[in-house]
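> After the structure tokens below, expect a handful of questions from me.
The values are calculated or read from the model by the stated rules, or taken from the named source; none is laboratory data. Quick caveat: nothing in here was measured; it's all calculated off a predicted structure. Reconstructed Cβ throughout: ideal geometry from the backbone, glycine too, with neighbour counts over all protein chains shown. Quick note on the areas: whole protein, heavy atoms, side chains included, nothing else; ligands and nucleic acids left out. Shrake-Rupley method; radii C 1.70, N 1.55, O 1.52, S 1.80 Å.
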Amino acid sequence: MGALIFDFDGVIADSEAIANTLLAEIVTGLGHATTLDQSLDRYAGRRWGDAMAEIEAAIGRPLPQNFSGDLKRATLDRLRTDLKEVSGAADFIRRFAHLPRCIASSSSIDRLQLCLAVLGMEAEFGDHVFSADMVARGKPHPDIFLFAAAKLGVGPERCLVIEDSTGGIRAAVAAGMTAVGLCAASHIREGHDVKLRDAGAVHLARSWAEVERIATGFFTNQSTIA
């Protein structure tokens, strides 16, 4: 049997626009004018340590010692009040409940748990919620996806990955998995599908209904192979 591996931000949770609006405001306050689109382009889908290095390069000095903690608290506060699911995500997850599945995300485990609680989805994944903090290297390296597949007990070639970022797509490809590039969240801009395709996405989808068709075909083929 195959498995579903979900990225989280921008795939299940429509959180990227929320978090990056706040981040853009804060980086602007540090003296480097940043728009939402620029924040999405520079920081979204990246491991936090890499994003911090990018911000420090932009502002030309080290970030304040309390930067990460203050931003984390402010982001969690905004997610508590503003977060919604990417339309159709919950229905898709429940429709494929018979398959092994997990979340494999660059976000911290406490942020993932809070967002799942806000969305009422904790029971859908149980303890199969994995953060890049659990592995040596974040996306675009394959570590988090290989870790997730091992935890699920499924070979990489039988895993279908749902991603919205180029780094995530590259990580899935490097792990030997089939990647679906999802362009359904509010942060998606024109041309993003081309970037995902160029990063190696085998399939592109603009809605969870399209992902359902792709997944049905993928797992039907897996059953035939088995």
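> Do we find that R73 is under 30 Å from A149 (Cβ atoms) and either without any contact (Cβ under 8 Å) to a residue 12 or more places away in the chain or surrounded by 11 or more Cβ atoms within 10 Å (Cβ to Cβ) (or both) in this structure?
Numbers: under 30 Å from A149 (Cβ atoms): no; either without any contact (Cβ under 8 Å) to a residue 12 or more places away in the chain or surrounded by 11 or more Cβ atoms within 10 Å (Cβ to Cβ) (or both): yes.
Considered against the rule, which asks whether it is under 30 Å from A149 (Cβ atoms) and either without any contact (Cβ under 8 Å) to a residue 12 or more places away in the chain or surrounded by 11 or more Cβ atoms within 10 Å (Cβ to Cβ) (or both), R73 comes out as no.
> With the condition kept exactly as written, say whether any residue in the stretch 5-26 is over 23 Å from T166 (Cα atoms), open to solvent by less than 70 Å² (accessible area, probe 1.4 Å), touching a residue at least 12 places away in the same chain (Cβ under 8 Å) and more than 15 Å from the chain's Cα centre (by Cα).
If we filter the stretch 5-26 for residues that are over 23 Å from T166 (Cα atoms), which is where we start, we get 25-26.
In the following step, the residues that additionally are open to solvent by less than 70 Å² (accessible area, probe 1.4 Å) were identified as 26.
When the remaining residues are screened for being touching a residue at least 12 places away in the same chain (Cβ under 8 Å), the result is 26.
Next, only the ones that are more than 15 Å from the chain's Cα centre (by Cα) stay: 26.
Within the stretch 5-26, one or more residues are over 23 Å from T166 (Cα atoms), open to solvent by less than 70 Å² (accessible area, probe 1.4 Å), touching a residue at least 12 places away in the same chain (Cβ under 8 Å) and more than 15 Å from the chain's Cα centre (by Cα).
> Of the numbered conditions (1) open to solvent by less than 10 Å² (accessible area, probe 1.4 Å); (2) touching a residue at least 24 places away in the same chain (Cβ under 8 Å), L40 satisfies every one except a single condition; which is it?
For L40, the failing item is (1).
> Given (1) closer than 17 Å to A13 by Cα; (2) modelled with pLDDT of 95 or more; (3) part of a helix (DSSP H, G or I), identify the lone condition not met by C102.
(3)
> While we're here: Can you name the condition, by its number, that S68 falls short on among (1) of a type in the set (G, A, S); (2) open to solvent by less than 20 Å² (accessible area, probe 1.4 Å); (3) over 16 Å from the mean Cα position of the chain (by Cα)?
With (1) of a type in the set (G, A, S); (2) open to solvent by less than 20 Å² (accessible area, probe 1.4 Å); (3) over 16 Å from the mean Cα position of the chain (by Cα) applied to S68, the lone miss is (2).
> When you check F92 against the structure, is it surrounded by 16 or more Cβ atoms within 10 Å (Cβ to Cβ), in contact (Cβ under 8 Å) with a residue 60 or more places away in the chain and under 26 Å from A215 (Cα atoms), yes or no?
Working: surrounded by 16 or more Cβ atoms within 10 Å (Cβ to Cβ): yes; in contact (Cβ under 8 Å) with a residue 60 or more places away in the chain: yes; under 26 Å from A215 (Cα atoms): yes.
So F92 fits the description; yes.
> Would you be able to tell me the number of residues in the stretch 196-215 that are in contact with a helix residue (DSSP H, G or I) (Cβ under 7 Å, 6 or more places away or on another chain) and either modelled with pLDDT under 95 or under 20 Å from A97 (Cβ atoms) (or both)?
So the first thing to find is which residues in the stretch 196-215 are in contact with a helix residue (DSSP H, G or I) (Cβ under 7 Å, 6 or more places away or on another chain), and the list is 196, 199-201, 203-205, 208, 211-212.
Restricting the remaining residues to those that are either modelled with pLDDT under 95 or under 20 Å from A97 (Cβ atoms) (or both) gives 205, 208, 211-212.
Number of matching residues: 4.
> Considering only the stretch 33-63, state which residues are on the phi < 0 side of the Ramachandran plot and either of a type in the set (G, A, S) or in contact with a strand residue (DSSP E or B) (Cβ under 7 Å, 6 or more places away or on another chain) (or both). Lay out the reasoning, then the answer.
The first filter runs over the stretch 33-63 and keeps only residues on the phi < 0 side of the Ramachandran plot, leaving 33-44, 46-59, 61-63.
The answer is A33, S39, A44, G49, A51, A53, A57, A58.
> Right, next: Taking strands (runs of 3 or more DSSP E) that fall entirely within the stretch 110-226, which contain at least 3 residues that are open to solvent by 70 Å² or more (accessible area, probe 1.4 Å), touching a residue at least 24 places away in the same chain (Cβ under 8 Å) and over 16 Å from D9 (Cα atoms)?
Working: elements: 129-131, 159-163, 178-182, 203-205.
Counting at least 3 such residues, we get no strands (runs of 3 or more DSSP E) at all.
> Also: Please go through (1) open to solvent by 20 Å² or more (accessible area, probe 1.4 Å); (2) out of contact with any Leu (no Cβ under 6 Å at 6 or more places or on another chain) for I59 and return the number of the only condition it doesn't satisfy.
Result: I59 fails condition (2) only.
> Limited to the stretch 100-109, what total is found for residues that are surrounded by fewer than 17 Cβ atoms within 10 Å (Cβ to Cβ) and hydrophobic (A, V, I, L, M, F, W, C)?
1
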